[in-house]
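Reviewing the structure listed below.
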Amino acid sequence: MVDIMRDTRFLKTPRHLWLVGVVAVLFNAIGVYDYMMSKTGGPAYMASVGMTPAQIDHYQTMPAWMSAVWAIGVFSAMAGSLLILLRNRSAGPVFALSLGAFLLSLVYTWGIAGAGEIMGQTAVISSAVITAMLVLLLWYSLAMGKRGVLR
């Protein structure tokens with residue numbers, strides 16, 4: 001006999017999963033858009049969003065490995081968001097990868113490259129918001145995996 005209380009096939013998807021998933025996709029679409037525009041639009045795009053010449057130079061001269069870390073961060077965050085909507089428990093590890101990549105990018109920017117001064121207060125705030133969002137999405141996806149909502 002099947003225990004429908006324990007069998008995840010019978011677990012109804014909570015409404016908050018759709019809300020969190022859609023908000024996550026929209027939030028992370030900003031990161032994907034910014035990455036793609038920074039790579040294809042270059043300095044003109046960066047100037048159009050209010051970056052200073054020193055900030056533009058920082059992004060234009062970053063090493064290839066750091067560009068790869070940036071790409072891993074934004075695309076894995078988007079993948080994790082989509083995995084939530086697909087109710088796939090891989091969302092947790094994918095968000096962990098994204099958070100790790102983002103934290104590495106902070107170490108590079110603020111520590112290795114010493115670009116903290118040129119990035120300004122807006123970068124501090126946006127970095128805090130992104131970190132908080134990634135931590136929350138990681139926690140949420142792991143919690144939903146433990147409850148059997150993500151399979």
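The values are calculated or read from the model by the stated rules, or taken from the named source; none is laboratory data. Keep in mind that this is a model prediction, so the values were computed, not measured. Quick reminder, even Gly has a Cβ in these numbers, built from the backbone with ideal geometry, and neighbours come from all protein chains shown. In case anyone asks, the SASA skips ligands and DNA or RNA and just uses the protein heavy atoms, side chains included. Shrake-Rupley method; radii C 1.70, N 1.55, O 1.52, S 1.80 Å.
When Pro63 is tested against the conditions (1) modelled with pLDDT of 95 or more; (2) under 21 Å from Ser126 (Cβ atoms); (3) out of contact with any helix residue (DSSP H, G or I) (no Cβ under 7 Å at 6 or more places or on another chain), the lone failure is (2).
It is to be established whether one or more residues within the stretch 131-143 are open to solvent by less than 20 Å² (accessible area, probe 1.4 Å), within 30 Å of Pro53 (Cα to Cα) and in contact (Cβ under 8 Å) with a residue 24 or more places away in the chain. Within the stretch 131-143, one or more residues are open to solvent by less than 20 Å² (accessible area, probe 1.4 Å), within 30 Å of Pro53 (Cα to Cα) and in contact (Cβ under 8 Å) with a residue 24 or more places away in the chain.
Contact annotation: residue pairs with Cβ atoms under 9 Å, 6 or more positions apart or on different chains, pairing a residue in the stretch 10-39 that is open to solvent by less than 90 Å² (accessible area, probe 1.4 Å) with a partner that is of a type in the set (Ser, Thr, Tyr) and modelled with pLDDT under 95, are Ser38/Tyr59. Between Gly80, Gly145, the distinction of being touching a Lys or Arg at 6+ places or on another chain (Cβ under 6 Å) and assigned to a helix (DSSP H, G or I) belongs to Gly145 only.
Met51 meets all of the listed conditions (1) surrounded by fewer than 18 Cβ atoms within 10 Å (Cβ to Cβ); (2) of a type outside the set (D, E, K, R); (3) over 30 Å from Arg151 (Cα atoms) but one, namely (1). Considering only residues in the stretch 100-116 that are aliphatic (A, V, I, L, M) and not in a helix (DSSP H, G or I), the one that is surrounded by the fewest Cβ atoms within 10 Å (Cβ to Cβ) turns out to be Ala113. Exactly one residue among Met119, Met66, Met62 is assigned to a loop (DSSP other than H, G, I, E, B) and over 25 Å from Gly21 (Cα atoms), and that residue is Met62. Across the stretch 80-94, the number of residues qualifying as hydrophobic (A, V, I, L, M, F, W, C) and surrounded by fewer than 18 Cβ atoms within 10 Å (Cβ to Cβ) comes to 3.
Look at Leu97 and say whether it is touching a residue at least 12 places away in the same chain (Cβ under 8 Å), out of contact with any Lys or Arg (no Cβ under 7 Å at 6 or more places or on another chain), more than 25 Å from His16 (Cβ to Cβ) and open to solvent by 60 Å² or more (accessible area, probe 1.4 Å).
no
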